[in-house]
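The values are calculated or read from the model by the stated rules, or taken from the named source; none is laboratory data. Predicted model only: the values in this text are computed from it and were never measured. Note that each Cβ is placed from the backbone with ideal geometry, even for glycine, and that neighbours are counted across all protein chains shown.
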Amino acid sequence: MKIDRLIGILSVLLQEEKTTAPELAERFEVSKRTINRDIEDLSKAGIPIRTAQGAGGGISIMDGYRMDRTILTSKDMQMILAGLRSLDSVSGNNYYGQLMEKIQAGSSEFITGRDSILIDLSSWYRDSLAPKIETIQDAIGKRHLIKFRYYAPSGESERMVEPYYLVFRWSSWYLWGWCLKRKDYRLFKLNRMDKVRGTDKVFECREASIPDLSNEKIFPGGIKVKALFESDQKWRLVEEFGPACFTENDDGRLLFTADYTDMENLITWIMTFKDKAEVLEPKEARENIKDTIEAMRKNYSRGK
């Protein structure tokens with residue numbers, strides 16, 4: 001877009017002592033004639049641009065019209081770029097890449113050192129996530145309702161939602177919005193959303209508060225769990241719950257204690273440890289796992 005290019009050119013001129021039309025044309029992938037028109041437009045907008053022909057000439061901003069670089073430190077700029085780079089990792093377009101170019105333009109002396117923080121928010125599902133994120137972002141900006149099919153443990157349903165926030169939490173992307181079906185705010189996991197599409201229906205923006213994403217709100221607990229794990233599973237317990245979630249028994253096994261919020265998720269999680277875990281409490285989970293193992297045994301015995 002032209003406005004983006006004009007802002008980018010202005011950023012270059014504020015950060016560099018001098019540049020040329022060919023250099024700007026190459027940087028922004030347009031013709032020299034387009035750059036000359038852009039410079040003229042910036043001049044008409046009141047930016048004191050000076051041009052000089054011949055050897056040693058170029059395009060610059062008149063002395064005295066300078067951005068105070070001390071407003072943002074080199075560390076500040078590194079943090080901004082790290083955040084933009086993380087968003088670029090899941091973007092379906094080149095918007096964030098272009099924005100980084102604008103910020104970095106002519107700032108090689110200002111941004112010192114190598115990148116120290118690298119954040120990649122993409123996943124195995126990037127190809128399907130990027131279009132959803134782009135569609136939702138567009139709908140949020142335009143205040144348009146979105147439609148999608150949602151797959152939840154309770155079943156499948158068609159949803160119409162007022163989108164307010166895209167949320168990255170717990171290694172996954174979510175949509176926070178007002179669900180017209182439930183008449184309430186809901187958090188939808190993007191990987192469970194299918195056929196996400198914007199509509200032409202404009203909604204009146206509510207006073208939507210930022211969703212409470214605290215663990216206590218989303219995972220209220222209530223299921224007291226005790227389980228024994230083999231010692232070689234310590235790394236998983238530390239990774240998922242921290243080093244304070246267990247004590248070591250005299251026999252080397254690990255006594256795990258925690259609050260869990262959902263019985264089905266608890267059973268599924270325990271089963272991933274195969275024979276390396278044994279649930280002690282609650283009794284309901286222990287009995288459920290026994291029944292599941294017996295059902296699986298029968299399934300795998302049918303072919304004999």
When every residue in the stretch 15-48 that is of a type in the set (A, V, I, L, M, F, W, C) and surrounded by 17 or more Cβ atoms within 10 Å (Cβ to Cβ) is compared, the one modelled with the lowest pLDDT is Ile47
The residue that is nearest to the chain's Cα centre (by Cα), considering only those in the stretch 225-244 that are closer than 20 Å to Glu264 by Cβ and basic (Lys, Arg), is Arg236
Selection from the stretch 2-45 of residues part of a helix (DSSP H, G or I), more than 34 Å from the chain's Cα centre (by Cα) and closer than 19 Å to Asp63 by Cα yields Ile39, Glu40, Leu42, Ser43, Lys44
Examine the stretch 137-144 for a residue that is in the same structural domain as Lys195 (by TED's automatic domain parsing), part of a helix (DSSP H, G or I), of a type in the set (S, T, N, Q) and in contact with a Leu (Cβ under 9 Å, 6 or more places away or on another chain), and state whether such a residue exists. yes
If we ask which residues in the stretch 19-39 are in contact with a helix residue (DSSP H, G or I) (Cβ under 9 Å, 6 or more places away or on another chain), of a type in the set (Asp, Glu) and more than 10 Å from Arg5 (Cα to Cα), their number turns out to be 1
**Message:** Checking the structure you have, find out if any residue of the stretch 149-161 is of a type in the set (A, V, I, L, M, F, W, C), part of a strand (DSSP E or B) and at pLDDT 95 or above.
**Reply:** yes
